[in-house]
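Chemist: Handing you a structure now.
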Amino acid sequence: MIYFDNSATTPIFPQALDTYVKTSQRIMGNPSSLHDLGTQATRLLNQARNQIADQLAVSSKEIFFTSGGTEGNNWVLKGTALAKKEFGNHLIISSIEHPAVSETAEQLKQLGFEISIAPVTAEGFVDVDELKKLIRKETILVSVMAVNNEIGSMQPIEAISAILADFPKIHFHVDAVQALTKVEKTRWLTPRVDFATFSAHKFHGPRGVGFIFWREGRKLAPLMNGGGQEHGQRSGTENVAGIVAMARALRLAFEQKENKPNHVARLKNYLLEALASYEKVTIFSKEEHFAPHILCFSLKDIRGEVLVHALEEKQIYVSTTSACSSKKQAASSTLHAMNVPHSLATSAIRISLDESNTMAEVEQFLIVFHQLYQKFSKIN
């Protein structure tokens, strides 16, 4: 089996799974309990929080645990809207955000908030000048992802940060789910970024757990009310085993990247060079300003799901752009925002790599792709 769908989810590290199982078996207490079993659970939670904060070089007070990226994005957008509604009702997102942001913004629109959509260039990057024009005195939040999940374009977070330096009261949120352990932190966690969202299963941790970075001094309203966990900001009994396993997975993911510097980029560049030689292939993920792990391309006149299933028959697993929308058989929302023709957008597939992938796997993929290319060309 060749697994090239790491942006959809990653297999959990065996060490992280071992941590999850052992923590589940040995730490049975509720962190909110006063007795020693509760104290043990709380101690592990604090250790995990400190470990994650150290990896990001932030304060442990700025790490809040969630169930994953979707909850994190919902929390930051809705929490900002609720906390700052007396100061303004206007939010800005980009046209290529994950549905966890775009659908949340749409719900806020139905509740009376005003939403502006910042356009992107034909290459898939937020147009910074156009975004700046959208800012007004009622603006309370700007949300732009760090790395696009469909084509891998690294968004100009530093340039947007420079613009928002003149608007210190506006919350700046970055969906960093596809960036953590893949792209250097300095490119997306600038001093001007107030909130960032993360999900464990994107870096070989367990599913159903994640965290947000919440810069100290900023305000969010809680979405989950109840027992007052997470410093009263996110109620609900903590997933101790998942959180501890997530912290270990994050450390291991950084170690893996350090042990194989530029490995993923080399694999992608090899694929890029080979695929570019095919007349009917259109590549959307170039080298410069694109994340090293995502490669999106179209094969003319062949729908994306057809190519995905043809590769699957050879035990090669890729996806049609976003995993969250692939089963809906909808064209890529990112490619649509880039004004890519509909026929090309519906033909797009996404390869997403990881340090565990090998050059032998890449070469095998190219052999199979060449066979399929010839087969489809004859049919057409």
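Chemist: Return the total of residues in segment 141-163 being surrounded by fewer than 22 Cβ atoms within 10 Å (Cβ to Cβ), outside any loop (DSSP other than H, G, I, E, B) and not charged (D, E, K, R).
Modeler: The number of residues fulfilling the criteria is 4.
Chemist: Within segment 277-294, track down each residue that is open to solvent by 70 Å² or more (accessible area, probe 1.4 Å) and touching a strand residue (DSSP E or B) at 6+ places or on another chain (Cβ under 6 Å).
Modeler: Selection gives His289 alone.
Chemist: If I go through segment 106-140 residue by residue, how many of them are assigned to a loop (DSSP other than H, G, I, E, B), in contact (Cβ under 8 Å) with a residue 24 or more places away in the chain and closer than 26 Å to Ile283 by Cα?
Modeler: Matching residues across segment 106-140 total 6.
Chemist: Does segment 12-36 hold any residues that are closer than 24 Å to Gly228 by Cα and either open to solvent by 70 Å² or more (accessible area, probe 1.4 Å) or small (Gly, Ala, Ser) (or both), and which are they?
Modeler: Ser24, Met28, Gly29, Ser32, Ser33, Leu34, His35, Asp36
Chemist: How many residues, within segment 75-85, are within 16 Å of Ser199 (Cβ to Cβ) and open to solvent by 30 Å² or more (accessible area, probe 1.4 Å)?
Modeler: 0
Chemist: Hey, another quick one. Being out of contact with any Phe, Trp or Tyr (no Cβ under 9 Å at 6 or more places or on another chain) and in contact (Cβ under 8 Å) with a residue 12 or more places away in the chain is the filter here, so list the residues in segment 176-220 that pass it.
Modeler: Correct list: Gln178, Val183, Lys185, Arg187, Trp188, Pro191, His201, Lys202, Arg207, Gly208, Glu216, Lys219.
Chemist: Additional query: Being under 26 Å from Glu216 (Cβ atoms), modelled with pLDDT under 95 and out of contact with any Cys (no Cβ under 6 Å at 6 or more places or on another chain) narrows it down to one residue among Ser60, Ser32, Ser67; which is it?
Modeler: Selected residue: Ser32, the only one of Ser60, Ser32, Ser67 that is under 26 Å from Glu216 (Cβ atoms), modelled with pLDDT under 95 and out of contact with any Cys (no Cβ under 6 Å at 6 or more places or on another chain).
Chemist: Moving to a separate point now. Mind listing whichever residues of segment 235-261 are open to solvent by 40 Å² or more (accessible area, probe 1.4 Å) and either among the polar types (S, T, N, Q) or not in a helix (DSSP H, G or I) (or both)?
Modeler: Step one: of segment 235-261, the residues open to solvent by 40 Å² or more (accessible area, probe 1.4 Å) are 237, 239, 248, 251, 254-261.
Of everything in segment 235-261, those that are open to solvent by 40 Å² or more (accessible area, probe 1.4 Å) and either among the polar types (S, T, N, Q) or not in a helix (DSSP H, G or I) (or both) turn out to be Thr237, Asn239, Gln256, Asn259, Lys260, Pro261.
Chemist: Take His90 and tell me if it is closer than 22 Å to His201 by Cβ and either modelled with pLDDT of 95 or more or open to solvent by 10 Å² or more (accessible area, probe 1.4 Å) (or both).
Modeler: On the way: closer than 22 Å to His201 by Cβ: no; either modelled with pLDDT of 95 or more or open to solvent by 10 Å² or more (accessible area, probe 1.4 Å) (or both): yes.
Spelling it out, it is not the case that His90 is closer than 22 Å to His201 by Cβ and either modelled with pLDDT of 95 or more or open to solvent by 10 Å² or more (accessible area, probe 1.4 Å) (or both).
Chemist: Could you list, ordered by first residue, the pairs with Cβ atoms under 7 Å in which the first is in segment 361-375 and outside any helix (DSSP H, G or I) and the second is open to solvent by less than 80 Å² (accessible area, probe 1.4 Å), at least 6 apart or interchain?
Modeler: none
The values are calculated or read from the model by the stated rules, or taken from the named source; none is laboratory data. Keep in mind the model is a prediction, meaning the values are calculated, not measured. Counting neighbours? That spans all protein chains shown, and the Cβs are built from the backbone with ideal geometry, glycine included. These accessible areas exclude ligands, DNA and RNA; they are computed on the full protein's heavy atoms, side chains included. Shrake-Rupley method; radii C 1.70, N 1.55, O 1.52, S 1.80 Å.
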